[in-house]
Every structure is written in C-alpha cells, then in structure tokens.
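See below for the structure under consideration.
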Amino acid sequence: MNAKDLLDVKGRKVHSISENATILEAVSELTKNKIGLLIIKNPAGDISGVLSERDIVEKVIYFKKDTSVEKVKSVMTPREKLLISSESDSVQSIMNTMTKSKIRHVLVFNGKEMSGIISIGDVVKSMLEEKEFEIKTLTDYISGKYPV
C-alpha cells in the first residue's frame, strides 16, 4: 500500500490556521477537531509550516509563554524543516521515516500540491489491517476453505 491508497481510505481533509493566530487559538482548533497537527498558512495562503502538539509542549508550555499572546509563527516548525512524502511512497517507507526522525505526522504531496497528512496512527492501523488480512487468508487456506 502506498500513501495515495492510504489517503483514499482515510480521507484527505487537513486543518489549517494562520501563522498570525495565537497558540490559544491553535490549541482550540486541535482540540475541537481531535487532531495533533495543524497546517500553518501565511497571509498569501501558502503553507509556511506546521504546528504539532509537541511544538506547543516543547516551545510554549515548557518556557511558560503566554498562549493568548504568543503567535503560531514563532513556534511552528517551518516548511523548510518538514519531512514530506510523495503519494507513491510506500506506507512502510513512511513508517521508517517517522521512526528514524521521531515524528508523528508526514505531509503527503502530489507534485507541488499537498494531498493530505498521514499520522503514525494511520500507518499502524493500515499495517494491522494488512496483517489481519494475511492471517485470515492463510487461516482459510490451511483450514481448506480454498482448494489448491
């Protein structure tokens, strides 16, 4: 399975917020949508970075910054530091990237356009479903449901 297949199943909806929003506004969006990552857009509407729960904990909470004043732009992970994936990348290679880089989300692109976000939860769910299918197929074969 590749990134495109996974996005086709899970959906391609992404949530974004302005880089000029406050951290408090960003936390509200994360909580309301039950997600762990927001796409950050500049005034022109282009992706300027991402803001994760980890960014908030490590760069805001730890330093006791005022969430009602601190802007997303000052603590986001900028676009140039993001690890991205292509729709044709395998789920296994995405998992390897996440594990090696200790990240929980990867932005997926189709050419220059972002087509979705894959989380570590999406990867684990996909791989478990794939293994369950393999186990069922082998069990059915062994039990004689499918002739040779």
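Being without any contact (Cβ under 8 Å) to a residue 60 or more places away in the chain, surrounded by 13 or more Cβ atoms within 10 Å (Cβ to Cβ) and more than 15 Å from residue 117 (Cα to Cα) is the requirement here; does residue 50 meet it?
No, not satisfied.
Taking region 1-18 only, how many residues are over 11 Å from residue 115 (Cα atoms) and in a helix (DSSP H, G or I)?
So the answer is 4.
Can you tell me which residue in region 70-124 is surrounded by the fewest Cβ atoms within 10 Å (Cβ to Cβ), limited to those that are basic (Lys, Arg) and free of Cβ contacts under 8 Å to residues at least 40 places away in the same chain?
Among those that are basic (Lys, Arg) and free of Cβ contacts under 8 Å to residues at least 40 places away in the same chain, it is 112.
Specify the residue that is nearest to residue 129 (Cα to Cα); the eligible residues are those in region 1-57 that are in contact with a Lys or Arg (Cβ under 9 Å, 6 or more places away or on another chain) and among the acidic types (Asp, Glu).
So, considering only residues that are in contact with a Lys or Arg (Cβ under 9 Å, 6 or more places away or on another chain) and among the acidic types (Asp, Glu), the one nearest to residue 129 (Cα to Cα) is 53.
Where a number appears in this text, it was derived from the coordinates with a stated rule and is not lab data. Only a predicted model underlies this, so the values are computations on that prediction, with no experimental measurement involved. Counting neighbours? That spans all protein chains shown, and the Cβs are built from the backbone with ideal geometry, glycine included.
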